[in-house]
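Student: Once you've had a glance at the structure underneath, I'll fire off some questions.
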Amino acid sequence: MDHNILNALSEITREKSIDKAVIIESLEAGLQSAARKKLGVEANIDARVDPDTGTMVIEQVKTVVVEIDDPDTDIALEEAQIEFGDEVEIGDEVRWELPLADFGRNAILVAKQILVQKVREAERAQIFEEYKDRVNEIIVGTVQQVDRGNVLVNLGRTEALMPYREQIRGEKLHQGKTVRAFITEVLDSAKGPQVILSRSHPGFLKSLFYQEVPEIQEGIVEIKAVAREPGTRSKIAVTSNDDRVDPVGSCVGMKGSRVQAVTRELAGERVDIVPWSAEASLLISRALSPAIVSNIILHRERNEATVVVGEDQLSKAIGKEGKNVRLAAKLTEWKIDLVSSREYAVRQRITDEMTMKLAEMEGVGDELLILLEEVGVATIEQLADATLEKLQEIPSLDEESADSLRATAQVTRNELRKMIEKTITEEMEKEAAEVRPLFDEDALQDEDAGGEEIEEAVKETPEPKADIFKDFPAEGEAEDSPSDSSGAGGVKEDGKKDEDKKVDPFANTELED
């Protein structure tokens, strides 16, 4: 029993976490390569390692033939009978053991290299099989190195790469920091499996809520859509499979504990949670919160939506740097055109005024108009979007005529759109120019009287006279005039009687006129 071999195999198995049978198979391959290094590349070598005792046996195998074609694999009948006895016949395989002591240093190095290579290949294959099944999962690692913006994360058995584009903008990751990330893909490259991580992927946000919200783990609450602008703001749409469970409240948690835990992990990224709806208009309205939507017009053929909001709600709907409407478009997968109620009214009025009927388009006569309506084409828009096969259903139109008619409709439609947009822009600029500022100096002037007349009127206003408050008693003076000894009372020095007394509302002193 070779205890050294057994100990070495056990140590490799423990360190590399590789099955012992794989290690033994690799060692046997190394021994075969070492024997071929000594005996020839074409030599038929059989190497065996006993997993219980650690005994290694290397045998050379040859086939008994009448005439030798390859001396590395064939042996003559006479030679075989001399070596192994007369019982040997043509076609038999004979083998003899090769002493390990006969192998030179170079052969042993070859065996070692083969063993190391096989173990490394087995380890790579095992790592790839392990991590390829963990794609779209969160994993915890330690930042090992930050190189040119890219971050190498130590996962224990292997290293993972977090490219710069997959990081949260503004977040600082330094060496030794524990980090959670989302496995986006596992590549099986020539240098070994490459695990790609991300903290900016929408799936990372979804997985964080899965970890924080038990209702999502149990399948009661489901996240239907996610939209992210990493590091700043995100939106998720959730629904509940149980009418008794509020999906938004489940994700928010008691006093916001669950959503705050997600926000902390995302470096302060704000997360808006909205209820999911299969109705597109309702989902768009909710996705644009906190703005209040007045009206939504869906253009399902183009997957576009025109959303009308009040003047005071437009800035809320757009959001800072356009984030709110951009995230709403990602969340709903609809192209959203935001307009204010005033602009929408102007747009509708001008569109109605400048609409051209199909009969007014060049090349469309009364007879052709009737035939077009029969195949379902009643407007210039429908004619511009019609297929050649549909137009060729009209007997009087061949392929060339149909193509020319459709091209004319497309040019007409585009020109009409340009004219309408130009007119709308001019109308909006005109209305904006007519709006007076909040403190307009002209608004303070009398429209009938000029500013100069107002100034003259101000100049003609008499100055307040100093004796208006002359009757107020000075500080320290008596408030009432003394009466004469005759009892006439209330008589002033000028002989006038004290009549018509008034009461000061701010004091208990009677004042004289």
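Just so you know, all these numbers are worked out from the coordinates, no wet-lab data involved. This is a predicted model, so every value here is computed, not measured. Positions of Cβ are generated from backbone atoms using ideal geometry, with glycine treated the same way; all protein chains shown enter the neighbour counts.
Student: When Lys and Arg each count +1 and Asp and Glu each count -1, what net charge do the other residues less than 13 Å away from residue 185, Cβ to Cβ, add up to? Mind dumping the intermediate values first?
Tutor: Details: positive: 132, 134; negative: 133, 137, 166, 188.
Within the 13 Å Cβ shell, the charges total -2.
Student: Taking +1 at the Cβ of each Lys and Arg and -1 at the Cβ of each Asp and Glu, which of 141, 125, 114 sits farthest along the dipole of the stretch 105-165 towards its positive end, judged by Cα position relative to the Cα centre?
Tutor: 114
Student: Rank the residues 276, 334, 96 as a footprinting-exposure proxy: fewest other Cβ atoms within 10 Å of their Cβ go first. List each step's numbers first, then the result.
Tutor: On the way: 276 20, 334 23, 96 10.
If I rank by nearby Cβ atoms, fewest first, I get 96, 276, 334.
Student: Turning to a different aspect of this structure: Stretch residue 154-residue 403 to full length: gain in nm at 0.36 nm per residue minus the Cα-Cα span? Please report the intermediate quantities before stating the final value.
Tutor: Details: separation 249, 0.36 × 249 = 89.64 nm, distance 6.23 nm.
That works out to 83.4 nm of additional length.
Student: Another question, then. Hey, which of these cross-link pairs are over 25 Å Cα-Cα: 132/206; 177/224; 177/255; 206/255; 118/191?
Tutor: On the way: 132/206 19 Å; 177/224 33 Å; 177/255 29 Å; 206/255 20 Å; 118/191 14 Å.
The pairs that break the limit, which is 25 Å between Cα atoms, are 177/224; 177/255.
Student: Now a separate question. DSSP loop (so not H, G, I, E, B), at most 15 other Cβ within 10 Å: list which trypsin sites (Lys or Arg not before Pro) in the stretch 325-394 pass both filters. Each step should come with its number before you reach the end.
Tutor: Values: sites: 326, 330, 335, 342, 347, 349, 357, 390; in loops: 357.
Those satisfying the criteria are 357.
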